[in-house]
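The values are calculated or read from the model by the stated rules, or taken from the named source; none is laboratory data. These figures come from a predicted structure and were not determined experimentally. In this analysis, Cβ positions are derived from the backbone assuming ideal geometry, glycine residues included, and neighbour counts consider all displayed protein chains. What goes into the accessible areas is simple: the full protein's heavy atoms, side chains included, and nothing from ligands, DNA or RNA. Shrake-Rupley method; radii C 1.70, N 1.55, O 1.52, S 1.80 Å.
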Amino acid sequence: MAGTSAASFYTGLVADLYKPLKSTSFDSLQYRDLIAQYGEPALELGCGDGDPLLDLRESGIDVDGLDSSPDMIARLHRRAETRNLEVTAWVASMESMNPSRQYATVFLAGPTLNLLPTDDAMRQTLHRIKRALLPNGTAIVPLFVPAPPSADYIGSVTRRDTASGWIACRVLSVERDEGARTQITALRYERERNGMLQQLKRNWLLHWIDVDGFTALAEEAGLRTIDAPAALDHEPRNTVLRS
C-alpha cells in the first residue's frame, strides 16, 4: 500500500473535513511564547488552514506560513478574510520552500515533519530550514514515533453530526514497516449531506526517525541541536535547532 503525499492528501473532501474531525487542537499561546523567546519574524511550516497561525497574527505577531496543500491554503485565506486579518501564507512543500525573507524562528505546530516519507525528504527540509533562518535563528521541530495500531483501532470511526447530515472518517487498514520506519493507514472520509453521500479514500503515511538520526541530518544541514529529548515515544517532543 503506497502512501499519499501530504500535498495530495489534504485536498478535496479531506480538506473540508479536516477541521471538524481533527482530534488535536494547537494552543496558540505556547507558540506565542516560543516566538517571544526566539524572536520575530517567524515562519510556520505545514500551517494547514490556519491554526495557530491566524490567532498569532491576530495578536500582532509577525508570522508567515506555508503548506503543500493548495486547498488548505485557500481555506486559510478565506478564514483570514472573515477575521479581517492580513496574512502571508503560500503553497510550497517544506522540501522545496524558498521564502522571500529570512526568519528568527521557524516552527512546526505538531509533528508535521513525520508526514515526509523518507530520511532524504527530511534532509532536504532541514537544508531548506537552514536557508530560511537568520543567522543564529532557531527552528522548533516536534518529532514522535506513531504507536502501533491496536486491535480496536482498525475499523474505528470518528463521526460528527452536522446541520445537514453527518461527517466521518473510518480506519480501513494499517500497514507498519519497522525496517522502513513507516506506517500507512488507509482511511475513508465520508460526508452525508441532505441525503447525498460523498466518500473518499486516502492513505495516510507517517515516517519516523530516532533522535540520533535526526540530529545527524540537522548537523549535515548546518544546524546545531540546542535541545532534544533523550529518546522519542508516542507523544510529540520538541527538538530545538540553531543556525
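So here's what we get for this one:
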| item | result |
| --- | --- |
| Within segment 200-234, tally of residues that are among the charged types (D, E, K, R), closer than 17 Å to residue 115 by Cα and touching a Leu at 6+ places or on another chain (Cβ under 8 Å) | 2 |
| Looking only at segment 128-157, and only at residues there that are surrounded by 16 or more Cβ atoms within 10 Å (Cβ to Cβ) and either touching a Cys at 6+ places or on another chain (Cβ under 6 Å) or outside any strand (DSSP E or B) (or both), the one that is modelled with the lowest pLDDT | 149 |
| From 122, 97, residue being open to solvent by less than 10 Å² (accessible area, probe 1.4 Å), modelled with pLDDT of 95 or more and in a loop (DSSP other than H, G, I, E, B) | 97 |
| Any chance residue 7 is of a type outside the set (D, E, K, R) and open to solvent by 30 Å² or more (accessible area, probe 1.4 Å) | yes |
| Failed item, numbered, when residue 187 is tested on (1) out of contact with any Phe, Trp or Tyr (no Cβ under 8 Å at 6 or more places or on another chain); (2) surrounded by 16 or more Cβ atoms within 10 Å (Cβ to Cβ) | (1) |
| Among the residues listed as 43, 53, the single one being open to solvent by less than 20 Å² (accessible area, probe 1.4 Å), under 20 Å from residue 98 (Cα atoms) and touching a Cys at 6+ places or on another chain (Cβ under 7 Å) | 53 |
| Output for segment 51-87, where each listed residue is within 11 Å of the chain's Cα centre (by Cα) and free of Cβ contacts under 8 Å to residues at least 60 places away in the same chain | 51, 66, 67 |
| Tabulated pairs, segment 230-243, first more than 11 Å from residue 111 (Cα to Cα), second polar (S, T, N, Q) and open to solvent by 60 Å² or more (accessible area, probe 1.4 Å), C-beta under 8 angstrom, 6+ apart or interchain | 242/136; 243/136 |
| Filtered residues of segment 100-119 (kept if on the phi < 0 side of the Ramachandran plot, outside any helix (DSSP H, G or I) and not hydrophobic (A, V, I, L, M, F, W, C)) | 100, 101, 102, 103, 105, 111, 117, 118 |
| Counted residues, segment 62-94 - those being more than 19 Å from residue 137 (Cβ to Cβ), open to solvent by 30 Å² or more (accessible area, probe 1.4 Å), of a type outside the set (Gly, Ala, Ser) and touching a strand residue (DSSP E or B) at 6+ places or on another chain (Cβ under 9 Å) | 4 |
